[in-house]
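The values are calculated or read from the model by the stated rules, or taken from the named source; none is laboratory data. Just so it is clear, the model here is predicted, and its values are computed rather than measured. Glycine gets a Cβ as well: all are built from the backbone with ideal geometry, and neighbour counts include every protein chain shown.
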Amino acid sequence: MNSSASTAAETARASDLSNSVAVIAGACDDCGAGIARYLSSRGAALALCGADRDALDSLVAEIVAAGGQAIVAGSEQSAAIPDVVDRVRSKFGKIDVLVNNPGEVAGRSVELPASEFEKSLAAILTTAFGFLHAVVPAMRERRYGRIINVYGLAYLGLPAQANLAAAYAGIFGLTRSVALETAADGITVNSVVKGDIARSNLAAADADKLAGQIPVKRIGTAADVARAVGFFALPSTKYVTGQTLFVCGGRSAYFSMSV
Amino acid sequence: MGFAGKVAIVTGSASGIGRQTASRLAERGAAVVVNDVDATKLESTIAEFKKNGWQAIAVSADISKKADVDRMVQETIAAFGRIDILVNNAGLERAGPLRKLSEADWDVTVDVNLKGAFLCSQGVHGHMVEKKYGRIINISSRAWLGGAGQAPYSSAKAGLVGLTRTLTLELGRNGITVNCIAPGLIHTPMWDDLPDKDKAFLLSKVPTGKLGDADDIADAVLFFADEEAGFISGQVLYVCGGRSLVAG
């Protein structure tokens, strides 16, 4: 076998999402939009979900203007998920990639009202479950799927973030459980865990303070997160499943439970 | 994802995963140092690299010896002037139950897998600090989680995880990221030599039911080695078909 020829073939395959249809559940925040732009730049057709219709419309317009394919698929509320999935299938015929990117929820102390705690769980964990539940059967039938769950370092148990710790740790377990359940069906399920990432509502002084506590001495960007999501979304990333990759500038090395 | 202008050392790259990783880096424009302790295997590998028109030199060196590592670093600087990427891939295994392992089994396994990565990281890091840029990728193993009959190997590969996290904390401020890949069952020449019943037994432990290949590991190395991966450090990425999630 000519090793250079096989390498070239592998390279072409590895860098290609042009046959992939990706649903991004939560495309309204900076990270979600960054993921959408990145997957589109690698050739994926996109179906975007989120609560902010105007934000989704303008993101779709931007992607289409740049030569990509994208539609607004609807809200990411649990009740809307069956409709969203039907809409994507009728437009693109299939779903290859699912990215769960729950929107920003403020971290709260354990003293928060139980009803608020339940709201956080619903927005983060129940929604992620809802999308997995909706897309896995057809992925199984087609024997192909790439699922990426995006959440935050708070899952390791940061103080005064009880709601986030519980919801994110739920997604951590869900990732591993569904990965094992679907491993023999050509489906991979992985997590990308965000550290401190720049966002439009983060003050410069706060960003500098955060940067000082991170081993690489800077905060991350939506593009850093998007690139990691893109790696797991590739057809060629076939032997990685159930895994957790932190995009955190090395901050996870301060914690146990992060390997 | 291009590596033009970057210089990479890949240890243990005359064959297998190391060779495929070095090929993929060279193909995308990196100048590559192909290293192995086996000078004969190294000759045919470097000949193939040259034939492909890739920028590469071969350095025969035992990375468990400081003098050899120092010479490899000097030859790299003499040839290419800088070092951007280090892939600590060289490894070997002496397996067996605790009662049957010798002191020599322990020493050679720990020396090549762990001490070698320490010496190479130490050898290159000054050149990386100088440029405020570096990518170190350690090839550990899923077996660092523990495996019966693998005391020296598992210990050495676990050591690489500690080294990865420690160097992340030490070198991060200098633009250097340090990450770790933990391969599971990968198709290598050694696999082909196994009896069928052993193959079936091992595959039954992999959730995907399949072997990985050298490109699965090379893909992960290139992901971490990329200039754009500057916000990812201290990580252990298992490329094991989900085997890290299950016992044994």
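Summary of computed values
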item	result
Given (1) surrounded by fewer than 23 Cβ atoms within 10 Å (Cβ to Cβ); (2) within 16 Å of residue B:92 (Cα to Cα), index of the condition residue B:161 fails	(2)
Unmet requirement for residue A:238, which otherwise passes all of (1) part of a helix (DSSP H, G or I); (2) of a type in the set (D, E, K, R); (3) surrounded by fewer than 23 Cβ atoms within 10 Å (Cβ to Cβ)	(1)
Residues within the range B:161-195 that are part of a helix (DSSP H, G or I) and at pLDDT 95 or above, tallied	14
Verdict on residue B:208 being within 11 Å of another protein chain (Cβ to nearest Cβ) and assigned to a helix (DSSP H, G or I)	no
From the options B:186, B:217, residue that is closer than 19 Å to residue B:24 by Cα and in contact with an Asp or Glu (Cβ under 7 Å, 6 or more places away or on another chain)	B:186
Single residue of B:208, B:188 found to be hydroxyl-bearing (Ser, Thr, Tyr) and over 21 Å from the mean Cα position of the chain (by Cα)	B:208
Number of positions in the range B:24-56 that are in contact (Cβ under 8 Å) with a residue 60 or more places away in the chain and closer than 22 Å to residue B:91 by Cβ	2
Verdict on residue B:188 being surrounded by fewer than 24 Cβ atoms within 10 Å (Cβ to Cβ) and not acidic (Asp, Glu)	yes
Qualifying residue in the range A:141-153 (condition: modelled with pLDDT of 95 or more, aliphatic (A, V, I, L, M) and out of contact with any strand residue (DSSP E or B) (no Cβ under 8 Å at 6 or more places or on another chain))	no
The one condition in (1) within 11 Å of chain A (Cβ to nearest Cβ); (2) hydrophobic (A, V, I, L, M, F, W, C); (3) more than 20 Å from the chain's Cα centre (by Cα) that residue B:239 fails to fulfil	(3)
Residue that is surrounded by 17 or more Cβ atoms within 10 Å (Cβ to Cβ), closer than 27 Å to residue B:58 by Cβ, within 14 Å of another protein chain (Cβ to nearest Cβ) and not aromatic (Phe, Trp, Tyr), where the choices are B:138, B:89	B:138
Positions within the range B:18-71 being surrounded by 19 or more Cβ atoms within 10 Å (Cβ to Cβ), hydroxyl-bearing (Ser, Thr, Tyr) and within 14 Å of another protein chain (Cβ to nearest Cβ), in sequence order	B:21, B:23, B:45
Selection count, the range A:201-257, where residues are of a type in the set (Lys, Arg), closer than 28 Å to residue B:242 by Cα and more than 10 Å from chain B (Cβ to nearest Cβ)	0
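Residue-wise test of (1) at pLDDT below 95; (2) buried (at least 19 other Cβ atoms within 10 Å of the Cβ); (3) basic (Lys, Arg); (4) within 15 Å of residue A:96 (Cβ to Cβ).
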{"residue": "A:11", "(1), (2), (3), (4)": "yes, yes, no, no"}
{"residue": "A:33", "(1), (2), (3), (4)": "no, yes, no, no"}
{"residue": "A:54", "(1), (2), (3), (4)": "no, no, no, no"}
{"residue": "A:72", "(1), (2), (3), (4)": "no, yes, no, no"}
